[in-house]
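Have a look at the structure below before the remarks.
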Amino acid sequence: MDGTSSAGVAEPAVAIERPEARSPVVLVCDHASNHLPARYGSLGLTADGLLAHFAWDPGALALSRRLSALLDAALIYGCVSRLALDVNRRPSDADSIVETVDGAPVPGNAGLSAAERERRVAEIYAPYHAALEDLLTKRARQNRPSALVAVHTYTPSLRGIARPWHCGVIFASDSRLGVALVNALRAEDGLIVGVNTPYAPSDGVYHTMSLHGEARGNPAVMIEVRNDLVSNEDSQNAWAMRLAPLLQTAARTGLDNRDTKPPKTQPIA
């Protein structure tokens with residue numbers, strides 16, 4: 001197995017759309033794809049397993065692409081399932097390459113050698129983050145500010161616990177984008193908005209935003225939309241239409257504001 005397709009063509013780990021787009025928003029979709037390059041086979045999982053949420057974020061790429069078009073915003077996304085390696089985790093993290101998902105084994109990830117782990121980092125993690133670093137560096141050289149927005153989706157329930165939020169906004173110590181976006185979403189009729197819920201940076205889910213946002217001085221935020229709410233083209237369009245103006249305004253507000261007070265979190269209902 002050599003990291004290429006059956007036709008001998010190298011399979012990309014990352015894709016970029018609208019790299020020269022005008023918006024200050026830079027969209028990032030870490031878990032866009034459930035694709036596994038040929039050398040991994042199916043990692044021992046069934047076809048249904050590879051469609052499940054643990055292989056990717058269903059609906060996230062479609063939503064990201066609609067937002068990219070509406071905002072005229074650059075979009076960078078991963079082309080490989082997080083089952084092979086999760087680009088939104090430090091390579092040293094135990095869950096960078098998972099051996100079990102939802103209590104079931106991932107046979108193709110069991111007992112990997114150090115060399116195989118290093119190969120996956122080199123083939124998947126390194127080019128993904130290098131591409132994002134290059135995009136942001138070019139924008140900085142052109143004196144173009146960048147506000148990073150990571151788009152993710154999550155399941156309506158996990159381990160039998162219902163998740164009532166329609167969406168969640170995740171941010172760390174730089175709360176410029178997060179506060180602006182939470183306030184805008186909470187003004188929307190009928191939306192239940194989680195703050196650092198259903199995930200928080202302390203859960204290890206904020207690696208990409210920490211690395212390319214806070215470490216570079218770029219405001220950053222993750223938005224998580226419940227995946228049953230973006231399961232088809234109409235709902236993806238509706239959420240993109242809702243989010244696009246809010247993200248544009250939040251980006252401008254966040255880039256202008258370095259002194260924000262985080263909103264209160266919301267407990268599980």
Original post:
Right, Asp203: of a type in the set (D, E, K, R) and either modelled with pLDDT under 95 or within 30 Å of Arg144 (Cβ to Cβ) (or both) or not?
Top reply: yes
Original post:
Inside the stretch 34-88, can you point out the residues that are closer than 24 Å to Ala200 by Cβ and hydrophobic (A, V, I, L, M, F, W, C)?
Top reply: Ala52, Phe54, Ala55, Trp56, Ala60, Leu61, Leu63, Leu67, Ile76, Leu83, Leu85, Val87
**OP:** Return yes when Asn218 is closer than 17 Å to Ala250 by Cα, open to solvent by 10 Å² or more (accessible area, probe 1.4 Å), out of contact with any strand residue (DSSP E or B) (no Cβ under 8 Å at 6 or more places or on another chain) and not aromatic (Phe, Trp, Tyr) and no when it is not.
**Re:** no
**OP:** Filter the stretch 156-181 down to residues that are out of contact with any Ser or Thr (no Cβ under 9 Å at 6 or more places or on another chain) and more than 19 Å from Pro24 (Cβ to Cβ), then give me how many there are.
**Re:** 11
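Report whether or not Leu63 is crowded, with 18+ Cβ neighbours inside 10 Å and under 17 Å from Val230 (Cβ atoms).
On the way: crowded, with 18+ Cβ neighbours inside 10 Å: yes; under 17 Å from Val230 (Cβ atoms): yes.
Spelling it out, Leu63 is indeed crowded, with 18+ Cβ neighbours inside 10 Å and under 17 Å from Val230 (Cβ atoms).
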**OP:** Would you mention how many residues in the stretch 221-243 are out of contact with any strand residue (DSSP E or B) (no Cβ under 7 Å at 6 or more places or on another chain) and either open to solvent by 10 Å² or more (accessible area, probe 1.4 Å) or basic (Lys, Arg) (or both)?
**Re:** 12
**OP:** Would you point out which residue out of Asp95, Asp102, Asp86 is in contact with a helix residue (DSSP H, G or I) (Cβ under 8 Å, 6 or more places away or on another chain), open to solvent by 30 Å² or more (accessible area, probe 1.4 Å), more than 21 Å from Ala238 (Cα to Cα) and not polar (S, T, N, Q)?
**Re:** Asp102
Subject >> the stretch 163-202: number of residues that are over 25 Å from Asn88 (Cα atoms), in contact with a strand residue (DSSP E or B) (Cβ under 8 Å, 6 or more places away or on another chain) and of a type in the set (D, E, K, R) >> reply: 1
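The values are calculated or read from the model by the stated rules, or taken from the named source; none is laboratory data. Just so you know, these numbers come straight off a predicted model, no measurement behind them. Reconstructed Cβ throughout: ideal geometry from the backbone, glycine too, with neighbour counts over all protein chains shown. For the accessible areas, the whole protein counts, side chains as well, though only heavy atoms, and no ligand, DNA or RNA atoms are used. Shrake-Rupley method; radii C 1.70, N 1.55, O 1.52, S 1.80 Å.
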